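Enquirer: Quick one: the structure is below, and I'll ask about it shortly.
The values are calculated or read from the model by the stated rules, or taken from the named source; none is laboratory data. It should be emphasised that the depicted structure is a prediction, and the values quoted were computed from it without experimental measurement. Virtual Cβ from ideal backbone geometry, glycine too; neighbours counted across all protein chains shown. Accessible surface areas use protein heavy atoms only, side chains included; no ligands, DNA or RNA. Shrake-Rupley method; radii C 1.70, N 1.55, O 1.52, S 1.80 Å.
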Amino acid sequence: MASRAEPRGNRQVVEKVTVVGIGADGWAGLPEPSRAAIDAAEVLLGGARQLELVPDRGAEKVRWPSPLLPNLDATLAAHAGRRVCVLASGDPMLSGIGGTLARRLGADRLRILPGVSSVALARARLGWSAEETEVVSVVGRAVHRLARVLAPGRRVLVLSEGSATPAEVAELLTERGYGPSSLTVLEELGGAGERAVTGIAHDWERAEGAALNLVAVECAAQPGTPLLGTLAGLPDEVFEHDGQFTKRDLRASSLARLAPRPGELLWDVGAGAGGIAIEWCRAHPANRAIAVERDPARAERIGRNARELGVPDLRVVTGAAPAALAGLAAPDAVFLGGGLGVPGLLDACWAGLRPGGRLVANGVTLQAEQALAAAYAEHGGELVRISIEQAAPLGGLTGWTPARAVTQWSVGKP
């Protein structure tokens with residue numbers, strides 16, 4: 001499957017490539033323009049299943065290599081100068097090869113003839129409108145990605161990796177307190193073998209079916225299940241931690257100033273339990289984050305928290321900053337939750353930040369406060385002190401218990 005981080009390929013390996021979307025109904029379901037594109041091709045590239053759906057029309061059939069991405073340019077170069085047609089499942093631009101080719105070759109070198117996507121077919125079968133349906137792909141990715149979108153009453157379509165995915169979805173739902181959710185497994189959509197299998201997540205015991213399937217979930221939570229919001233500031237108790245992490249109110253303030261935007265990359269430096277990086281990624285499915293943590297036990301804990309909270313693609317780097325920052329992709333935002341006394345750390349974070357990016361740094365010691373005041377004097381931005389008090393028992397009454405005041409510097413890089 002395509003990755004957002006894959007490099008731009010060589011635009012000269014082939015002339016214009018035609019990409020044809022084909023459904024489980026094969027040749028019979030193709031419109032005339034798609035049939036004509038296949039008939040005009042000298043080479044048909046595709047997976048084994050797509051190639052088998054097309055009768056021999058004179059073109060050479062070539063299966064994609066495995067792994068695909070490292071060998072993609074070489075495969076296309078091997079057929080330079082020939083008329084190439086790529087076969088894809090349904091809509092090539094829905095988690096498919098079309099997006100990969102657009103990034104590698106450029107959209108100007110593609111002619112895309114989409115078919116009906118499995119998502120569109122599933123919504124048609126279920127009577128679900130597009131605006132009320134969430135789509136999550138676990139093709140080549142961890143099923144834990146589903147956890148990010150769980151909420152009572154929500155409708156989710158899960159693009160499956162294979163025949164084992166429905167059981168994995170049922171298990172995840174049950175573990176997260178969504179065992180009462182209704183599942184419908186839609187197999188071979190649009191083909192002669194199409195069928196639907198229904199059940200409840202916590203009672204799911206059905207044998208594996210067709211590898212080509214999609215799982216529809218109608219979310220229902222059992223009583224007492226923690227219901228997580230979509231805005232920054234998840235409850236502290238949903239994170240596994242050892243006390244070293246950014247607490248809820250300060251986390252919400254920090255993320256508000258980091259201002260996550262779709263597709264951006266965050267460095268969470270000295271990540272602790274990974275709360276900032278995790279909530280950054282939960283803000284949008286295209287968001288990416290790198291959590292940098294020197295303590296190996298905490299680094300492993302970050303990975304567990306990321307999986308539990310639905311962002312398993314979060315990258316964890318174990319090492320001490322600033323040395324651990326070397327070679328990392330330039331971020332759109334940086335969060336520095338501590339370590340301001342480490343020589344060169346704040347300067348390295350500022351230097352690594354992309355122009356137009358945002359940096360937020362928090363400190364609780366006098367030395368950290370002095371470093372932030374100096375940075376504020378040099379670069380401007382916003383410098384605030386945040387004091388939080390919580391109600392707690394005081395004798396037989398209730399009083400306020402103050403936490404340490406936190407100095408927070410936030411700034412945009414010109």
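Enquirer: Just subtract the alpha-carbon distance of Gln390 and Glu378 from 0.36 nm times their residue separation and send over the number in nm, one decimal.
Expert: Working: separation 12, 0.36 × 12 = 4.32 nm, distance 3.47 nm.
Gain on stretching Gln390 to Glu378: 0.8 nm.
Enquirer: Ok, one more. Per-residue HN-Hα couplings for segment 84-91, Karplus 6.51 cos²θ - 1.76 cosθ + 1.60 at θ = phi - 60°, whole Hz, x for Gly and Pro?
Expert: With the stated coefficients, segment 84-91 comes to 9, 10, 9, 9, 9, 7, x, 8 Hz.
Enquirer: Ignoring everything except DSSP H segments at least 4 long, calculate the 222 nm mean residue ellipticity for the chain; use -39,500 (n - 2.57) per segment, divide by total residues, nearest 500.
Expert: Rounded to the nearest 500, the figure is -7500 deg cm²/dmol.
Enquirer: Could you let me know the centre-to-centre spacing of segment 321-390 and segment 31-91, using Cα atoms, in angstrom?
Expert: Taking the Cα centre of each part, segment 321-390 and segment 31-91 sit 50 Å apart.
Enquirer: In terms of modelled amide H atoms, which long-range or inter-chain residues lie less than 5 Å from the amide H of Gly338?
Expert: Answer set, sorted by chain and number: Asn362.
Enquirer: Quick one: work out Rg over Rh on the C-alpha atoms of segment 320-374, Rh as Kirkwood radius.
Expert: 0.95
Enquirer: Relative contact order of segment 297-360: what whole-number percent is it, with Cα pairs under 8 angstrom and at least 6 residues apart? Present the calculation step by step, with values, prior to reporting the outcome.
Expert: Working: 48 pairs, mean separation 18.6, N = 64.
Taking the mean separation of contacting Cα pairs over the length of segment 297-360, I get 29 percent.
Enquirer: For a quick check: with amide H placed at 1.01 Å from N, whose amide H comes under 5 Å from Ala291's, ignoring anything fewer than 5 positions away on the same chain?
Expert: Asp268, Arg315, Val316, Val317
Enquirer: Could you list which residues have their amide H under 5 Å from that of Val135, counting only those 5 or more apart in sequence or on another chain, with H placed in the peptide plane?
Expert: Hits under the 5 Å cutoff: Leu157.
Enquirer: For Lys16, go through the lysines and keep the ones whose alpha-carbon is under 28 Å away, minus same-chain ones fewer than eight residues off.
Expert: Answer for Lys16, where 28 Å is the Cα cut-off: Lys61, listed by chain and number.
Enquirer: Keeping all protein chains in the complex and leaving out DNA, RNA and ligands, what accessible area do you get for Arg257 with a 1.4 Å probe, in Å² to the nearest 10?
Expert: For Arg257, solvent-accessible area is about 80 Å².
Enquirer: What FRET efficiency comes out for Glu237 versus Arg125 if R0 is 35 angstrom and r is the Cβ-Cβ distance? Round to the nearest 0.05.
Expert: Using R0 = 35 Å, I get an efficiency of 0.35.
Enquirer: Moving to a separate point now. Tell me, what is the 1.4 Å probe accessible area of Lys61, in Å² to the nearest 10?
Expert: 70
Enquirer: Same structure again: Could you tell me what percent of the accessible area of segment 74-133 is made up of carbon and sulfur, with a 1.4 Å probe and every protein chain present?
Expert: Exposed carbon and sulfur together represent 52 percent of the surface.
Enquirer: Leaving out ligands, DNA and RNA, and with a 1.4 Å probe, what % of the accessible surface on segment 307-385 is carbon or sulfur?
Expert: Ligands and nucleic acids excluded, carbon and sulfur reach 53 percent.
Enquirer: Using the alpha-carbon centroid of each, what span in Å lies between segment 239-308 and segment 163-205?
Expert: Between the Cα centre of segment 239-308 and that of segment 163-205, the gap is 31 Å.
Enquirer: Follow-up question, since we're still on this one. What nm value, rounded to one decimal, do you get for the distance between Glu42 and Ala80 when each label is placed 7 Å out toward the C-beta?
Expert: Each label point is offset 7 Å from its Cα along the Cβ direction, giving 1.4 nm.
Enquirer: Once both labels are modelled 7 Å past Cα along the beta-carbon direction, what's the Ala107-Lys247 spacing in nm?
Expert: My value for the distance between the label points is 4.8 nm.
Enquirer: Within segment 236-297, which GluC sites (Glu not before Pro) sit in a loop by DSSP and count at most 16 neighbouring Cβ atoms inside 10 Å?
Expert: Sites meeting the loop and neighbour criteria: Glu240.
Enquirer: Also, I was wondering about something else. Could you check what % of the DSSP bridge pairs in the chain are antiparallel, to the nearest 5?
Expert: Here the antiparallel bridges make up roughly 45 percent for the chain.
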